[in-house]
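Working notes, structure below.
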Amino acid sequence: MAPYLSLAIWVPILAGVAVLVLGRDRDAGTARWIALAGALAGFLVTLPLYTQFDLTTSSMQFVERSEWIPYFDIYYHLGVDGISVLLVLLNSFTTLLVVWASWESIKVRVAQYMAAFLVMSGFLNGAFIAQDAILFYVFFEAMLIPMYLIIGIWGGERRVYAAIKFFLYTLLGSLLMLVAFLYLYQKSGSFALADWYELPLSLQTQVLIFIAFFAAFAVKVPMWPVHTWLPDAHPEAPTGGSVVLAAITLKIGAYGFVRFVLPILPDASHYLSGFIITLSLIAIVYIGFVAIVQPDMKRLIAYSSISHMGFVTLGFFLFSVQGSEGALAQMLSHGFVSAAMFLWVGVLYDRMHTHLIADFGGVANTMPKFAAFVMLFSMANAGLPGTSGFVGEFLVILAAVKFNFWIGLVAAISLILGAAYTLWMYKRVLYGEVANARVAALTDLNRREFWLLATLAAAVLFMGIWPKPFIDVMHVSVVDLLAHVAKSKL
Amino acid sequence: MTMQQLYLVVPMVPLLASIVVGLWGGAMPRAAAHRITILAVAISFVASIFIYRDVMAGNSFNGDLYVWAMTGGVRMAIGFLIDPLTAIMLIVVTFVSLMVHVYTIGYMADDDGYARFFSYICLFTFSMLMLVMSNNFLQLFFGWEAVGLVSYLLIGFWFKRPTAIYANLKAFLANRVGDFGFILGIGLVLAYFGSMDYAEVFAKAPSIAPATVGLWGAAQWSVLTVTCICLFIGAMGKSAQVPLHVWLPDSMEGPTPISALIHAATMVTAGIFMVARMSPLFEYSDTALSMITIIGATGALFLGILGMVQTDIKRVVAYSTLSQLGYMTVALGVSAYSMGIFHLMTHAFFKALLFLGAGSVIIALHHDQDLRNMGGLRKYMPVTYWTMLVGSLALCGIPPFAGFFSKDAILEATHLSVIPGRGYAAFAVTAGVFVTAFYTFRMMFMAFHGAPRFGHAAHEHGDHDAGPPKESPWVVTVPLVLLAIPSIYTGWMYIEPMLVGDFFGKSIFVLPEHQVLAGFRAHWHGITAFMLHGVMSLPFWLALAGIASAWYLYLVNPALPARIAAMAGPLTTVLLNNYYFDRFNEWFFAGGSRRIGKLFSNVGDGKIIEGIVNGSAHLVGWWGRMLRQLQSGYVYHYAFTMIIGLFAMLTWWVIV
């Protein structure tokens, strides 16, 4: 069997290096084609992970393990299960979209831009499949660098402020996690996650480690109240940066909760579940209200992301199959929908160089095809049945009602708020008379943009109409995870 | 073709047509857009007739199409339940939809969005069919939200108009408030029944009935009461019950064909259908039924009263729809589900007729909808006039038109019921008869009788074609005639099988102690006796009084209404402002959300959280400046924090 997981990490990274070496600033075309070939290869090598995936087991598959730093018992140890495999695919798919989406909109330092995304993609895959804590940590931290560059170099006016804020926020969180890793190593003599799952820990220790992990992952998700870096980062990031940030990077935080917090600290997770549930509900409702009044489309979508990610953390900490599967479905769907939302804002930005709602109005008159796509994605963002956005929200709300009626009730408020902020934005941007001469001069989607959005539309509709293939992949892993979390480690 | 394949034909052919016309409508001739969709809906209609006959022959079906998801031992599937209740809904939906499709050829003839409109109404037909054919809660919710989506798209069809895009957002959000309750209801069903499948849930209902849930303090609530109230909140949104009715009058901003199809005949009756479908659950909760009765009765009378002061012809019909939905809801509340469905059916025909007739008038007057600019249209538009007269008589409940039978049955049911709130309901629906007759004939007299007032208005609008109004083309009048026919005969034709016989069989469940229909059956002595009894009882005379008052006030003494309005003073103001519901919602909900949003955004995020974050950042920045001599560029952050990390790690080591 081919080492698919290593390929998933190294194909995009090496392709990124190749783009850097071969691409010249004066010859952007070459850089674009190499990047596209690399992203496509990176996507293709992850497909066998799905086609050859064994649905009947929850143990790690496609495992690779070799020594890396023997002195500290650090291994190059990779593997996927039902929880991570779809995230790897989502990441490789998104990278392909981003390269495609940036085709004409990036004009300066194209090679470096493309390289940053490809390298980033490899790092993200690495974080999703690392089974050794230090290996995970390396990828987890390394991904900050390309994202920092993407925002800092190709970003908007306040890009430096946004980039530094993003960097510091996320880095400071992860340092506490490193400390926790070292403590766990000291206790168990191993950096293997599988060993840590079986490691008995007192409740007090678990709570302390929980806090350390929480600092790292909650910032990434981001959970209220450590979310304020995200609405600052998005408006400054270029379209591709926003897409990867929203679709994939946020998922690392949520993934950390499933991969580290729940199985390593089951007792603390139960003990502190009320805390996480409360923060999740605040994210859903408070942030929903904040999103309504945002004057900037990208800020609005950023807040909407935080609100949607609230369903993910809520779902995991209900400790039920529906809740966890809903949370994972929400992660995938948010990958599609937030990518699509930022891409359509990018389409407008490429034409008008603004994403302030007030600069638009009546875009549907001049861009009817575009308006139809935006309607679909807006409805997906509002969680309409038949779109992927419904699946996760629905399952999590069902699980929450079962857990406690009032928690379900608060979570369900997002049905109203999500529709309010998304459709009010749609009304102001796309409906109405043509607002100004610049809107009147807009041209509808070109062929590249059309097929880009059509691809995401197909994904959003497919998952909404038939989520079973997605949920079946995660099912066995989720059931086993919950069984593991139900057992006390004290 | 097997029956199962035929079931699939009913929703799928319109879906296919909608997709084809939606994607390639711009590239095809206009005629192709309407031919494809009309053919599709016609196929659907014919298939529905076959299914109806099959069901009448005693067959039924309950099976899944595909599994949507399996999670936590719960099977969530898409599937069909075909029984008498579904069959009658299929006929109503496909027939009215077909009429509206044909009518649209005339109404939208000059519109730029011709193909888009046909694609939308065909998509609507698909969604509504999936809703009524569902055999489970998941698909019900799918259809539920899908019809809301298409309604949103169609109210905002003329998206350049500020009023239209205000109305469609309002409609979607009001519906979402209902859906918020609905999804909680579904959540409770899943939590306590462990299934999404109707058959399994309904079978368990008797055993769940005694179960209670503690929601607040020590008080215990019946699980079914909480569930049914949540589900009914969904129905309140979709079927425009007080106080979630506010979106329906504004939805008149959409083109008239959809007002007829979506906002009168089908979508707004989804809530009525849903409660009837869930009768095995609602029957076990007297509290929920009582609440339904009171809310329905309030709408039936008080929203009808608002119809008496409207000047827009479509809004008169819209308020009448609100009032009639109240009647249907009262029928559900007093456990006379089959009467609710019977009234739903007759109402679908005559209300679609009235809307399409109003649309015909609107075409003739070049899109002027103001009743004050009409008058005397009778001789210009005879077909529209006579068909609308049929619709009006049916709406007022004059025998032998369809509405008489369905409405009189509901009036009788309120007297036979034992549910708390029945007295109020009986009063409201009886008084409502006068109100209905008054606003209906006020509209008829103002539009079709008396002196013509339209020439003046057309001139004011600067209309170049100021000739006398003409009767609409055949694509408009033929649907009117075809809808007038069932508005005449469906009443006496179906009252006996539906209300006296066992038409609905097992699809509607009523507990013995709620057997209102048994009482109705006991008094049943045939159609002639029912009509004679109706003519001799109060409601009929109230209806005549309503018509007579409208005649006196608007034809004999037209100056009087203004004087009465002035005399009533504050009351008139309250009515003209729709009881201030809109004003309150705009201030409290819309404005309140924005105020909360601003508060959270500026103070919560901006001042408090960012204050703490930036405060710590300044601290870090100070350290950063200290260390800048050592490193340059972004690398210094990394190096710096690694040092801090190492420091923290070592500290931890030392302490632990």
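Hey, does the range A:278-293 have a residue that's free of Cβ contacts under 8 Å to residues at least 40 places away in the same chain, within 14 Å of chain B (Cβ to nearest Cβ) and not in a helix (DSSP H, G or I)? Looking for residues that are free of Cβ contacts under 8 Å to residues at least 40 places away in the same chain, within 14 Å of chain B (Cβ to nearest Cβ) and not in a helix (DSSP H, G or I), one finds at least one in the range A:278-293, hence yes. Among the residues of the range A:384-420, the ones that are surrounded by fewer than 24 Cβ atoms within 10 Å (Cβ to Cβ) and of a type in the set (S, T, N, Q) come to 1 in all. Can residue B:135 be described as more than 8 Å from chain A (Cβ to nearest Cβ) and under 17 Å from residue B:198 (Cβ atoms)? Yes, satisfied. Just one residue in the set A:113, A:71, A:76 is in the same structural domain as residue A:247 (by TED's automatic domain parsing) and under 30 Å from residue A:482 (Cβ atoms); that residue is A:76. When residue A:437 is tested against the conditions (1) under 26 Å from residue A:358 (Cβ atoms); (2) within 14 Å of chain B (Cβ to nearest Cβ), the lone failure is (2). Can you say whether residue B:191 is at the interface with chain A (Cβ under 8 Å from one of its Cβ atoms), surrounded by fewer than 24 Cβ atoms within 10 Å (Cβ to Cβ), within 23 Å of residue B:93 (Cβ to Cβ) and among the aliphatic types (A, V, I, L, M), as far as the supplied structure shows? Against the criterion (at the interface with chain A (Cβ under 8 Å from one of its Cβ atoms), surrounded by fewer than 24 Cβ atoms within 10 Å (Cβ to Cβ), within 23 Å of residue B:93 (Cβ to Cβ) and among the aliphatic types (A, V, I, L, M)), residue B:191 does not qualify. Would a scan of the range B:215-230 turn up a residue that is in a helix (DSSP H, G or I), over 22 Å from residue B:244 (Cβ atoms) and within 11 Å of chain A (Cβ to nearest Cβ)? Within the range B:215-230, one or more residues are in a helix (DSSP H, G or I), over 22 Å from residue B:244 (Cβ atoms) and within 11 Å of chain A (Cβ to nearest Cβ). Residues that are in contact with an Asp or Glu (Cβ under 8 Å, 6 or more places away or on another chain) and in the same structural domain as residue A:471 (by TED's automatic domain parsing) occur in the range A:330-341; there is at least one. From the set of residues in the range A:334-388 that are hydroxyl-bearing (Ser, Thr, Tyr) and assigned to a loop (DSSP other than H, G, I, E, B), which is nearest to the other protein chains (Cβ to nearest Cβ)? Among residues in the range A:334-388 that are hydroxyl-bearing (Ser, Thr, Tyr) and assigned to a loop (DSSP other than H, G, I, E, B), the one nearest to the other protein chains (Cβ to nearest Cβ) is A:387.
Please specify each residue of the range A:217-243 satisfying the condition of being more than 11 Å from every other protein chain (Cβ to nearest Cβ), in contact with a Lys or Arg (Cβ under 6 Å, 6 or more places away or on another chain) and among the charged types (D, E, K, R). Residue satisfying the conditions is A:236 alone. Here is a check on your reading of the model: is residue B:117 surrounded by fewer than 21 Cβ atoms within 10 Å (Cβ to Cβ), among the aromatic types (Phe, Trp, Tyr), in a helix (DSSP H, G or I) and more than 13 Å from every other protein chain (Cβ to nearest Cβ)? Spelling it out, it is not the case that residue B:117 is surrounded by fewer than 21 Cβ atoms within 10 Å (Cβ to Cβ), among the aromatic types (Phe, Trp, Tyr), in a helix (DSSP H, G or I) and more than 13 Å from every other protein chain (Cβ to nearest Cβ). As a summary of the residue check, residue B:173 satisfies the conditions (1) within 8 Å of another protein chain (Cβ to nearest Cβ); (2) assigned to a helix (DSSP H, G or I); (3) in contact with a strand residue (DSSP E or B) (Cβ under 7 Å, 6 or more places away or on another chain) except for the one numbered (3).
Looking only at residues in the range B:291-334 that are assigned to a helix (DSSP H, G or I) and of a type in the set (D, E, K, R), the one that is nearest to residue B:579 (Cα to Cα) is B:315. Would you please name the residue that is surrounded by the fewest Cβ atoms within 10 Å (Cβ to Cβ), looking only at residues in the range A:309-333 that are assigned to a helix (DSSP H, G or I) and facing chain B (nearest Cβ under 10 Å)? Here the answer is A:321.
Taking the criterion of being assigned to a loop (DSSP other than H, G, I, E, B) and buried (at least 18 other Cβ atoms within 10 Å of the Cβ), the residues of the range A:191-210 that qualify are A:191, A:201. Residues satisfying the criterion are absent from the range A:372-394 (criterion: among the charged types (D, E, K, R), in contact (Cβ under 8 Å) with a residue 40 or more places away in the chain and in contact with a strand residue (DSSP E or B) (Cβ under 8 Å, 6 or more places away or on another chain)).
Matching residues to (1) at pLDDT 90 or above; (2) assigned to a helix (DSSP H, G or I):
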{"site": "A:19", "(1), (2)": "no, yes"}
{"site": "A:24", "(1), (2)": "no, no"}
{"site": "A:31", "(1), (2)": "no, yes"}
{"site": "A:36", "(1), (2)": "yes, yes"}
{"site": "A:41", "(1), (2)": "yes, yes"}
{"site": "A:49", "(1), (2)": "yes, yes"}
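When you look at residue B:424, is it out of contact with any Lys or Arg (no Cβ under 8 Å at 6 or more places or on another chain), surrounded by fewer than 24 Cβ atoms within 10 Å (Cβ to Cβ), hydroxyl-bearing (Ser, Thr, Tyr) and over 20 Å from residue B:550 (Cα atoms), yes or no? Taking the combined requirement at face value, the residue satisfies it. Return a yes/no flag: does the range A:232-245 have any residue that is modelled with pLDDT under 90, closer than 17 Å to residue A:273 by Cα and out of contact with any Pro (no Cβ under 7 Å at 6 or more places or on another chain). Among the residues of the range A:232-245, not one is modelled with pLDDT under 90, closer than 17 Å to residue A:273 by Cα and out of contact with any Pro (no Cβ under 7 Å at 6 or more places or on another chain), which makes the answer no. Mind checking whether some residue in the range A:145-164 is away from chain B (no Cβ under 14 Å) and either closer than 17 Å to residue A:247 by Cβ or at pLDDT 90 or above (or both)? Checked against the condition, which is being away from chain B (no Cβ under 14 Å) and either closer than 17 Å to residue A:247 by Cβ or at pLDDT 90 or above (or both), the range A:145-164 yields no hits at all.
The values are calculated or read from the model by the stated rules, or taken from the named source; none is laboratory data. The shown structure was predicted, so the numbers you read here are calculated from the model rather than taken from an experiment. Ideal geometry is used to build each Cβ from the backbone, glycine not excepted, and the neighbour counts take in all protein chains shown.
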